[in-house]
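Since the structure comes first, as structure tokens, the remarks are kept for the end.
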Ligand code: THU
């Protein structure tokens, strides 16, 4: 990536996602996930995964962030950073359900999904790349 300003923005969003991961409630999978959603107005909403003993009600970190933001009136989004796992050794990509939630609110060609291992090791995708031929 050549744009330094954007790189710094990516890094700070990943750091916000990593901080949110600290609140992960994941006693069943032990897979801790954090997300940070950047709204078009510059505000950031964070989320973590919240598991349930019945498994089905589990909510992913990305959806937690989206639902927090939408429930407070936000409708326009720029990017989301996602970090998963205990350390900087795994890539964590959004599940299909979260991709579909993103599709409800985001421009597939411009919304960026930043999958971070660390603040300076990350992969960036557009939503269209992650969810082609979407519903
Ligand atoms: N999970 C997320 O929060 N986001 C993802 O992108 C992938 C999966 C959560 C759901 C569950 O709590 C745990 O990770 C293991 O699947």
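Tabulated data
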| item | result |
| --- | --- |
| Selection within the range 80-98 - within 11 Å of the ligand (Cβ to nearest atom) and either over 10 Å from the mean Cα position of the chain (by Cα) or surrounded by fewer than 17 Cβ atoms within 10 Å (Cβ to Cβ) (or both) | 85, 90, 91, 93, 95, 96, 97 |
| The range 62-79, residues that are surrounded by fewer than 24 Cβ atoms within 10 Å (Cβ to Cβ), without any contact (Cβ under 8 Å) to a residue 60 or more places away in the chain and not in a helix (DSSP H, G or I) | 72, 73, 74, 75, 76, 78 |
| Lone qualifier among 77, 31 - being at pLDDT 95 or above, touching a strand residue (DSSP E or B) at 6+ places or on another chain (Cβ under 9 Å) and closer than 21 Å to residue 134 by Cβ | 77 |
| Per-region count, the range 81-133, residues over 24 Å from residue 7 (Cβ atoms) and modelled with pLDDT under 95 | 1 |
| Matching residues, the range 112-126, being out of contact with any strand residue (DSSP E or B) (no Cβ under 6 Å at 6 or more places or on another chain) and either surrounded by 15 or more Cβ atoms within 10 Å (Cβ to Cβ) or part of a loop (DSSP other than H, G, I, E, B) (or both) | 117, 119, 120, 126 |
| Counted residues, the range 21-44 - those being assigned to a strand (DSSP E or B) and near the ligand (Cβ under 8 Å from one of its atoms) | 2 |
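The values are calculated or read from the model by the stated rules, or taken from the named source; none is laboratory data. Computed from a predicted model, the values in this text were never measured in an experiment. When we count neighbours, we look across all protein chains shown, and the Cβ atoms used for this are built from the backbone with ideal geometry, even at glycine.
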